Ligand SMILES: C[S@@+](CC[C@H](N)C(=O)[O-])C[C@H]1O[C@@H](n2cnc3c(N)ncnc32)[C@H](O)[C@@H]1O
């Protein structure tokens, strides 16, 4: 979904970058070093893509975002990363073939997607068996006013609803840490 103006201003600010670099590393700390074919959904302007590329320098990374303006920013910001390709894509309707990636990353993306359950299913489809889904996500359901102001049209879920839907999709949740936001690692079984 398109971001609202307040959110667009926040996510493209320098302060957001500092916070992202600090918090995104927690999720990368849970990732395996040997991933080779990596998809990022909701790459924004490329801040989290850079963090993935630092951590997985030998992986081929496709960084995607729904919003063409963010895709343009990411292309500019990470043009020096030769192992990264940036493309426009809707995470709830991916054009990649099934079993294409051994890791999918999503940093603060799912709460933007009205069809978030469909996006979970798409992540499952494009992952190879034994592939990993790495998620850093906000739980906005307890804060309806905040959600209404910043993200009026987007996905609303509690952490429990999100995790249960992932399990119904077929994922095995292998790590979950939660405070005001949650860090989650799930695996597509063989
Ligand atoms: C809060 S930003 C996060 C950007 C980056 N991952 C980070 O953490 O700095 C969420 C991004 O998700 C993108 N997005 C929203 N709906 C999407 C969808 N259906 N498919 C892919 N990306 C989407 C937005 O355009 C936005 O760039």
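Odds and ends about this structure:
- Rounded to 5, percent antiparallel among DSSP beta bridges of the chain: 40 percent
- Surface/4 estimate of mean projected area, convex hull on alpha-carbon atoms of the stretch 51-190, nm²: 8.6 nm²
- Our helix-only sum for the chain, with -39,500 (n - 2.57) per DSSP H run of n ≥ 4 divided by its residues, gives a mean residue ellipticity at 222 nm of -11000 deg cm²/dmol.
- Tensor-based shape of the stretch 45-103 (alpha-carbon gyration tensor, a/c under 1.5 rounded, otherwise prolate or oblate): oblate
- For the stretch 172-190 and the stretch 1-61, distance of Cα centres in Å: 17 Å
- Packing-based ranking, highest mean first, of 126-132, 21-27 given that Cβ atoms within 10 Å are counted: 126-132, 21-27
- The stretch 28-77 pair-distance distribution - Cα-Cα, 5 Å bins, rounded %: 5, 24, 30, 22, 12, 6, 1
- If you bin all the Cα-Cα distances of the stretch 1-116 at 10 Å, starting from zero, the percentages per bin are 14, 49, 33, 4.
- Added length on full extension, which subtracts the Cα-Cα distance from 0.36 nm per residue, residue 174 to residue 96: 25.6 nm
Every number here is computed from the coordinates shown, using simple stated rules; none is lab data. Just so you know, these numbers come straight off a predicted model, no measurement behind them. Neighbour counts are summed over all protein chains in view; Cβ atoms, including those assigned to glycine, are modelled from backbone coordinates with ideal geometry.
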